[in-house]
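The values are calculated or read from the model by the stated rules, or taken from the named source; none is laboratory data. Here the structure is a predicted model, which means the values were calculated and not measured. Here the Cβ is made from the backbone with ideal geometry for all residues, glycine too, and neighbour counts use every protein chain on show. All accessible areas refer to the heavy atoms of the entire protein, side chains included, with ligands and DNA or RNA removed. Shrake-Rupley method; radii C 1.70, N 1.55, O 1.52, S 1.80 Å.
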Amino acid sequence: MSLEVRLDNPLMVLDWLLAELSAGDSLAELWEKFHVNAVRDGREKEVADGYRHTVAGPRMRRLPPRQQAEVLMHAVDFTSGVLGDAEGATALLERVIELVPDHEDAFGRLERRLEKSMASRRLVELYARVAATPPKPPQVLATQALHRLVTIVPSDMVSDDGCRKLVTLVPVNAKLLDAIEAHCRATKRAALAAEVLEAALGIDVASDEAVKKSRRRRLIELYTGELAKPSPAIDHVERVLERDPHDSVALKAADRLMSQREVGSRAAAALQAARRARAS
C-alpha cells in the first residue's frame with residue numbers, strides 16, 4: 001500500500017499496518033509517515049477515529065500483548081504529538097502498562113506525566129502495577145513508591161489491590177511495608193493492614209528475626225485489638241514466644257486469649273512453655 005497518495009481512508013491504512021505487524025513487520029517508519037500524512041491532508045479527526053476503532057477491534061485483541069502495546073504506542077504518539085491530547089495519551093499509556101508491565105518506554109512516559117501533575121496516588125498505583133515485573137531496578141522503584149506513599153492523605157487512598165501489589169517490593173526496602181501498613185491504618189483498613197503484614201512474612205523470608213518479630217507483634221496487636229480474630233492471633237503469639245519467652249506483647253496477648261474458648265488451651269500452653277523457658 002502506498003502512503004504517497006492522499007489519505008482518504010485512514011482505517012484501511014490502519015488495518016493494513018496491523019496486518020503487517022501481525023506478520024512480524026513493524027514498519028515503524030510507515031506509522032510515522034501515516035501520522036505526517038494525516039496532518040498534511042487535514043485528516044487528523046479521521047485518523048483519531050480510526051485509532052479508536054482499531055484499538056477496540058477484534059483484530060487488535062488477536063495480537064500478542066507486546067504487539068498490542070506497539071500499536072497503542074503509535075496511538076500515543078499520534079494522540080500526544082498530533083492532537084495534543086495529554087489525558088488521552090495517558091489513558092493509552094495505562095493500557096500499555098496493563099498489557100506489558102515492564103514496557104520501559106510506556107512506563108517512563110507515564111511516570112513523567114504523573115510526576116508533572118503531582119499525582120502521587122496515581123504514581124503509587126503505577127508502581128504497584130509494575131512491581132512484579134519492574135521496568136527499572138526494584139530498589140529504585142521501592143524507594144520511589146515509599147517516598148510517594150508517605151505524602152498521600154487518607155482521603156486519596158491507594159486501592160486495596162495497589163497496597164497488596166506493593167508488598168512485592170518489600171524484600172528490597174523494608175520501610176515500604178511500614179508505609180503501606182500506616183496508610184492502611186490511616187484509611188481505616190485494619191484487615192488490609194493485617195493482610196499486607198502476613199504477605200510480607202510469606203515473601204520476605206530473608207529478613208532477620210528481629211524484623212519478623214516486629215511484624216508478628218504488629219499482627220498480634222491487630223488481631224487481638226480491632227480485628228478480634230483469636231485464631232490468627234495465637235498463631236503469632238506462639239511463634240514469638242518460642243523465640244523470645246520474655247516478649248511483653250506476646251505474653252500480654254496470650255493472657256488475654258486465655259478467655260477465648262477457641263484458643264484458650266493454646267494460650268495457656270504458650271504461657272506455660274514461656275515460663276519454663278524463662279526459668280531454664
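Is it fair to say Leu146 is in a helix (DSSP H, G or I) and within 17 Å of Asn173 (Cβ to Cβ)? Quick ask: steps written out before the conclusion?
On the way: in a helix (DSSP H, G or I): yes; within 17 Å of Asn173 (Cβ to Cβ): yes.
In short, yes.
Selection within region 258-277: residues that are closer than 14 Å to Val240 by Cα and of a type in the set (D, E, K, R). The member of this set that is nearest to the chain's Cα centre (by Cα) is Arg266. All of (1) out of contact with any helix residue (DSSP H, G or I) (no Cβ under 7 Å at 6 or more places or on another chain); (2) buried (at least 16 other Cβ atoms within 10 Å of the Cβ); (3) not aliphatic (A, V, I, L, M) hold for Gly162 with one exception: (1). Return yes when Ala206 is surrounded by fewer than 17 Cβ atoms within 10 Å (Cβ to Cβ) and farther than 17 Å from Ala250 by Cα and no when it is not. Criteria met by Ala206.
Out of region 92-113, which residues are in a loop (DSSP other than H, G, I, E, B) and in contact with a Ser or Thr (Cβ under 7 Å, 6 or more places away or on another chain)? Spell out how you get there, then give the answer.
Our first condition is that a residue be in a loop (DSSP other than H, G, I, E, B); within region 92-113, this holds for 100-103.
Listed by number, the residues that qualify are Pro101, Asp102.
Candidates in region 61-76 are the residues that are closer than 19 Å to Met12 by Cα and either outside any helix (DSSP H, G or I) or of a type in the set (Lys, Arg) (or both); of these, the one that is least open to solvent (accessible area, probe 1.4 Å) is Leu63.
Could you list, in sequence order, the residues of region 135-149 that are open to solvent by less than 40 Å² (accessible area, probe 1.4 Å) and of a type outside the set (A, V, I, L, M, F, W, C)? Step through it out loud before you land on a result.
The first filter runs over region 135-149 and keeps only residues open to solvent by less than 40 Å² (accessible area, probe 1.4 Å), leaving 135, 141-142, 145-146, 149.
Matches in region 135-149: Pro135 only.
Out of everything in region 170-185 that is of a type in the set (A, V, I, L, M, F, W, C) and closer than 11 Å to Leu149 by Cβ, what residue ends up being most open to solvent (accessible area, probe 1.4 Å)? Only one residue fits best here, namely Ala182.
Out of all the residues in region 79-95, is one or more open to solvent by 40 Å² or more (accessible area, probe 1.4 Å), out of contact with any helix residue (DSSP H, G or I) (no Cβ under 8 Å at 6 or more places or on another chain) and hydrophobic (A, V, I, L, M, F, W, C)?
Restricting attention to region 79-95, the residues satisfying the condition of being open to solvent by 40 Å² or more (accessible area, probe 1.4 Å) are 80-87, 91, 94-95.
When the remaining residues are screened for being out of contact with any helix residue (DSSP H, G or I) (no Cβ under 8 Å at 6 or more places or on another chain), the result is 84, 87, 91.
Those left that are additionally hydrophobic (A, V, I, L, M, F, W, C): 91.
Looking through region 79-95, at least one residue is open to solvent by 40 Å² or more (accessible area, probe 1.4 Å), out of contact with any helix residue (DSSP H, G or I) (no Cβ under 8 Å at 6 or more places or on another chain) and hydrophobic (A, V, I, L, M, F, W, C).
Scan region 96-132 for residues that are open to solvent by 60 Å² or more (accessible area, probe 1.4 Å) and of a type in the set (S, T, N, Q) and the total you get is 1.
The residues in region 31-60 that are surrounded by fewer than 16 Cβ atoms within 10 Å (Cβ to Cβ) and more than 18 Å from Ser80 (Cα to Cα) can be counted, and the count is 5.
The residue that is nearest to the chain's Cα centre (by Cα), among those in region 218-256 that are part of a loop (DSSP other than H, G, I, E, B) and within 25 Å of Cys184 (Cα to Cα), is Leu227. Checked against the criterion of being open to solvent by 30 Å² or more (accessible area, probe 1.4 Å), among the polar types (S, T, N, Q) and closer than 30 Å to His147 by Cα, region 211-218 has at least one qualifying residue.
Can you tell me which residue among Ala268, Ala274, Ala250 is at pLDDT 95 or above, farther than 22 Å from Ala193 by Cα, open to solvent by less than 30 Å² (accessible area, probe 1.4 Å) and among the small types (Gly, Ala, Ser)? Reasoning before the result, please.
Values: Ala268 fails: open to solvent by less than 30 Å² (accessible area, probe 1.4 Å); Ala250 fails: farther than 22 Å from Ala193 by Cα.
One residue alone meets the criteria, Ala274.
Of the listed requirements (1) in a helix (DSSP H, G or I); (2) within 28 Å of Pro101 (Cα to Cα), Asp25 misses just one: (1).
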